[in-house]
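Please treat every number below as a calculation from the coordinates, not as lab data. Owing to the predicted nature of the structure, the values given are computational and were not obtained by experimental measurement. Positions of Cβ are backbone-derived with ideal geometry, glycine not excepted, and every protein chain shown enters the neighbour counts.
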Ligand code: SF4
Ligand code: SF4
Ligand code: FES
């Protein structure tokens, strides 16, 4: 019999080595998240997954599960904090959803919907971030980057190419392309790379396929992200339940 | 029956799409008119706001006239609602915000082919453009936001009926949209 912890009053079983997030999702309990991806080592940067453990806050995607923990997640205090985090991400980039190819398939947008975020609230920063359209098949729109490093992790750990990196600190932190020219056309990225398929927002986009899925049929038109994240979560006993690329967490 | 609520609406730096969506609540407009009456609005063509319970504003702030109208609404309306992407985020007009206004005007009126002998419009009747386009909440306090480009008639109906019933308006999956 596996050990359990308490999440919002429910008993959640876990395997040794699982994080609170992994165990919760596997047991059918949704905790909002943005930079966590079941196939990668946790990054712990977006803080959407913040929970309260014994009155103290912790990122559930990096927190190792322990027997007897008493965890709160779906409470107004934390959802208000999550709403503010989503609002800050909207205000610090340029997120004009009506003209974004990712709209309807975007995790940031879907989280905003789930959390009933009606406005960014803050003063929008409208940063100046020119596109990189140099590659014949791939567009980079830096305006929407939320610095989750999923592309960095995918390109390094899975593709073995290190096409992307984050550079700078604090508010000047930004995504860079690993080429002398700084342009995507001078890298060996390819459409089939994992890095092409992990961006939760609309930064790394294959060209000439935008808007091909009509409104109403896109991923999050159907069901909210909270429902879909549970379907996508690895289950106990699944072959790839804790995947090979998550060394250190499995 | 209790006194009807007075509602004013206007479009600032918007495209009137949100107003089209207000009309899209269709026959429910008749039910709405049992509860509210319209003050200043493109629907009534009244030019200035009297005292109102609710003001609904589409579009952001891109010129000096927009600022005056917004102040008039904030002064006259107990509750102010920003409707649509442009009112809430600046929207399409704000796509010029990372550019310098002078270079925008120069490119459009002077250097673009076809307008070789053009000039930057300077008729005193024209409101002066602002350096940057702003969402409404950066200029006055906004009480509620109905996102969408435009929000659907159903979303507007749900929001207004919640509000009129004295509930905190909630949209929920399918009605909340940023596009
Ligand atoms: S990346 Fe997402 S939130 Fe940003 S503009 Fe595109 S759809 Fe909207
Ligand atoms: S480009 Fe996308 S995947 Fe990469 S850091 Fe930015 S948001 Fe994350
Ligand atoms: S999902 Fe845990 S910090 Fe981003």
Helix axis angle, B:64-76 relative to chain B longest principal axis, alpha carbon, degrees: 20 degrees
Pick from B:150, B:113, B:51: which residue has the top mean-square fluctuation in a GNM of chain B where Cα pairs under 10 Å get a spring? B:113
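What fraction of the DSSP beta bridges in chain B is antiparallel, stated in percent and rounded to the nearest 5? Spell out each step's value before the answer.
Working: 4 of 21 bridges.
If we restrict to bridges inside chain B, about 20 percent are antiparallel.
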Enter the Cα centre distance for the pair the stretch B:93-150 and the stretch A:100-127, rounded to the nearest angstrom. 23 Å
With each label point set 7 Å from Cα along the Cα-Cβ vector, what nm distance links residue B:29 and residue B:103? 4.4 nm
Acute angle (nearest 10 degrees) that the helix B:153-164 long axis makes with the longest principal axis of chain B, alpha-carbon atoms: 60 degrees
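Fewest to most neighbouring Cβ within 10 Å: what's the order for A:57, A:4?
On the way: A:57 14, A:4 17.
Going from least to most buried by this count: A:57, A:4.
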Could you bin all the Cα-Cα distances of the protein assembly as shown into 10 Å bins starting at 0 and give me the percent of pairs in each, rounded to whole numbers? 4, 19, 26, 24, 16, 8, 2, 0, 0
Taking one equal scatterer on every alpha-carbon of the stretch A:96-246, how large is log10 of I(q)/I(0) by Debye at q = 0.09, 0.12, 0.13, 0.15 1/Å? -0.33, -0.59, -0.70, -0.93
In Å, what Rg and Dmax follow from the Cα atoms of the stretch A:3-78? 11.0, 30
Rounded to 10°, Cα long-axis angle of helix A:76-92 versus longest principal axis of chain A: 10 degrees
Pick from A:81, A:25, A:89 the residue whose mean-square fluctuation is largest in a GNM of chain A, springs joining Cα atoms under 10 Å. A:81
Ignoring solvent entirely, what values of log10 I(q)/I(0) come out of the Debye formula for the stretch B:1-141 at 0.11, 0.18, 0.19, 0.21 Å⁻¹ when each Cα is a single scatterer? -0.48, -1.03, -1.11, -1.26
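Kindly identify the stretch A:7-138 as rounded, prolate or oblate by the Cα gyration tensor criterion: order the square roots of the eigenvalues as a ≥ b ≥ c, call it rounded if a/c is under 1.5, otherwise compare a/b with b/c, prolate if a/b is larger, else oblate. Display every interim value, and only then the final one.
Details: a/c = 2.53, a/b = 1.72, b/c = 1.47.
Prolate is the answer for the stretch A:7-138, as a/c is 1.5 or above and a/b outweighs b/c.
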Choice from B:92, B:110, B:23 with maximal GNM fluctuation in chain B (Cα, 10 Å cutoff): B:110
